[in-house]
Amino acid sequence: MARTSKIEEDSFLKGLLKVTGIVAFVADCIAIYAFIRSLLAGETFLQPSERMMSLAAVIILAFMLSLALIKFSGRGTSGLFTLFGIVYAFYGAAFLAVASFTTINNRFDSPAQLIDYGIFVVALAIFCLVVMGNSQVSMKWAAIPFILASILHIGFALLVLLSYGRVPLLSHVFLLLGIVIVTVFFGRDRH
């Protein structure tokens, strides 16, 4: 009887850890969305405001909390890690596409803004890499959104080039960033 009680208690604790981890992940996604809106509104990451620093702290801490809680909640978490990894990949790729669009249209305020965008894309790719590393799914799935963002960059650059005759050379930094991320994901998948 005492053994059954311990098993039920352990099962309840693992379920609680998993649910809390999911809630922390959702909070992280909301914080990432708010951070993206702040970056696109012109707030800078390199000369951070208190709001940007708070959002960055929430993103990092919620990520670490959700990762730890789900990892320690027991078996059967590969599906959750896969889902979370794909969400981070889509966030990173979407922001990569927005950054590409902004730079191709020559709508960036300063090179510091490009660095902000690059740092954020790399951070999301690292989140994806860490989370997908805990799943049993191929990293190729995480690379697909970044491949699509890179193809969008090429297509949009060609459209602007054919329409206006020139594309800022600096805009291709994000295409290179996308290529590096895809290469890392495919390389990680081979090990």
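Quick one: Met139, Met132, Met52, fewest Cβ neighbours within 10 Å first, how do they rank?
Met52, Met139, Met132
Give me a comma-separated list of calculated 3J(HN,Hα) values for region 111-120, in order, Karplus coefficients 6.51, -1.76, 1.60 applied at θ = phi - 60°, integers in Hz, x for any Gly or Pro.
Each residue of region 111-120 in turn: x, 4, 5, 5, 5, 4, 4, x, 4, 5 Hz.
Name the chymotrypsin sites (Phe, Trp or Tyr not before Pro) in region 56-118 that are in a loop by DSSP and that have at most 14 other C-beta atoms within 10 Å, would you?
Counting only loop positions with at most 14 other Cβ atoms within 10 Å, the chymotrypsin sites (Phe, Trp or Tyr not before Pro) in region 56-118 are Phe72.
What is the distance, in nm, between label points placed 7 Å from the Cα along the Cα-to-Cβ direction at Leu40 and at Lys71?
3.2
Find me the longest stretch of the chain that has none of the exposed trypsin sites (Lys or Arg not before Pro), where exposed means in a DSSP loop (not H, G, I, E or B) with at most 14 other Cβ atoms within 10 Å.
So the longest stretch without any such site is 1-74.
For region 163-170, take each phi angle, set θ = phi - 60°, evaluate the Karplus expression 6.51 cos²θ - 1.76 cosθ + 1.60, and give the result in whole Hz per residue in order, putting x for glycine and proline.
7, 10, x, 7, 10, x, 4, 5
Can you quote the Å³ per residue value for the convex hull of the Cα atoms in region 72-129, rounded to an integer?
67
Any idea what Rg and Dmax come out to for region 2-190 if you just take the C-alpha atoms, in Å?
Cα only, region 2-190: 19.1, 77 Å (Rg, Dmax).
Mark the label point 7 Å from the Cα of Leu148 along Cα→Cβ and return the residues of region 174-189 whose backbone N is within less than 12 Å of it.
The answer is none.
Normalised by the residues of region 2-190, what does the relative contact order come to in percent, with Cα pairs under 8 Å and at least six apart?
Relative contact order of region 2-190: 23 percent.
Quick check for the chain: number of Lys pairs with alpha-carbon distance under 19 Å, counting only pairs 8 or more apart or on different chains?
Taking the chain as the scope, the lysine pair count is 4.
Note down the nm distance, to one decimal, between modelled labels 7 Å out along Cα→Cβ at Ser163 and at Leu83.
A separation of 3.9 nm, rounded to one decimal place.
If we count other beta carbons within 10 Å of each Cβ, what is the order of Ile179, Ile86, fewest first?
Ascending Cβ contact count within 10 Å gives the list Ile179, Ile86.
Throughout, read-outs are computed from the coordinates displayed, never taken from laboratory work. Computed from a predicted structure; not experimentally measured. Using ideal geometry, Cβ is built from the backbone for each residue, glycine included, and neighbour counts are taken over all protein chains shown.
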